[in-house]
Amino acid sequence: MHRPLAASILVPALLAALLPGAASAATAPAGKFTATAKVSSVDEAAAQGAQIFANDTFGTKQTWVPPNAFSSHAMTCAACHTDGGKSEGTTPAGAHLPSLIGAAAKYPKFKAKKHAVYTLERQIVHCVRAGIMGKPPAYNSPEMIDLVAYLTQLSKGATMGQQFK
Ligand code: HEC
């Protein structure tokens, strides 16, 4: 009994380690998510962006323990922006965040504390550095483009330009 049980645990773990792509999306561990640059629609880019949002750790070693969980999880966008950013978020430290629905339409946005105008990309870079404590994707990388596509999809129908007088 001992042997087959050990093998049944070890073989999938070994397979997952050797062939990260072999793990199904549902059981895929958080880690580096590599986006493909070639897509056939903006919806496909947004779908990849949703995967990055949920799973990419941007090389961080940071972890967090979700409410009602016993084990720690790797840090991702989803650690703070709950339900893919579609509901109100909570940082691991307990601060409340508004949902990201409609957020992309508010960019470029003036940040009074920084005396600067932030693009959506710059906000994403900020969240990767200060929130995830990882290495942000380059401004023109497929990962950045997909995140922008995903966040813009969450703003579908929102009125743009309301930040201007
Ligand atoms: C540790 C918590 C944390 C993580 C992880 C995090 N964020 Fe954020 N995010 C925040 C906080 C706090 C704010 C609001 C204040 C600020 O700008 O720092 C914010 C704001 C934002 C906004 C702007 C919302 C608005 O209405 O202007 C966007 C867009 C965003 N985050 C995207 C992301 C993306 C994409 C990721 C993953 C790459 C991510 N965040 C990871 C905490 C986090």
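The values are calculated or read from the model by the stated rules, or taken from the named source; none is laboratory data. Computed from a predicted structure; not experimentally measured. Positions of Cβ are generated from backbone atoms using ideal geometry, with glycine treated the same way; all protein chains shown enter the neighbour counts. Heads up: the accessible areas ignore ligands, DNA and RNA and are worked out on the full protein's heavy atoms, side chains in. Shrake-Rupley method; radii C 1.70, N 1.55, O 1.52, S 1.80 Å.
A few notes on this one:
- Pair list, Cβ under 7 Å, 6 or more apart: the range 111-124 residue in the same structural domain as Phe53 (by TED's automatic domain parsing) and part of a helix (DSSP H, G or I), other residue open to solvent by less than 90 Å² (accessible area, probe 1.4 Å) and among the small types (Gly, Ala, Ser): Leu120/Ala104
- Qualifying positions in the range 103-123 - over 17 Å from the mean Cα position of the chain (by Cα), more than 8 Å from the ligand (Cβ to nearest atom) and not aromatic (Phe, Trp, Tyr): Ala105, Pro108, Ala112, Lys113, Lys114, His115, Ala116, Val117, Thr119
- Which numbered condition Met133 fails, given (1) open to solvent by 80 Å² or more (accessible area, probe 1.4 Å); (2) touching a helix residue (DSSP H, G or I) at 6+ places or on another chain (Cβ under 7 Å); (3) touching a residue at least 40 places away in the same chain (Cβ under 8 Å): (2)
- Taken together, the criteria place Val128 among residues that are near the ligand (Cβ under 8 Å from one of its atoms) and either open to solvent by less than 30 Å² (accessible area, probe 1.4 Å) or without any contact (Cβ under 8 Å) to a residue 24 or more places away in the chain (or both).
- Looking only at residues in the range 85-100 that are within 11 Å of the ligand (Cβ to nearest atom) and touching a residue at least 40 places away in the same chain (Cβ under 8 Å), the one that is nearest to the chain's Cα centre (by Cα) is Gly85.
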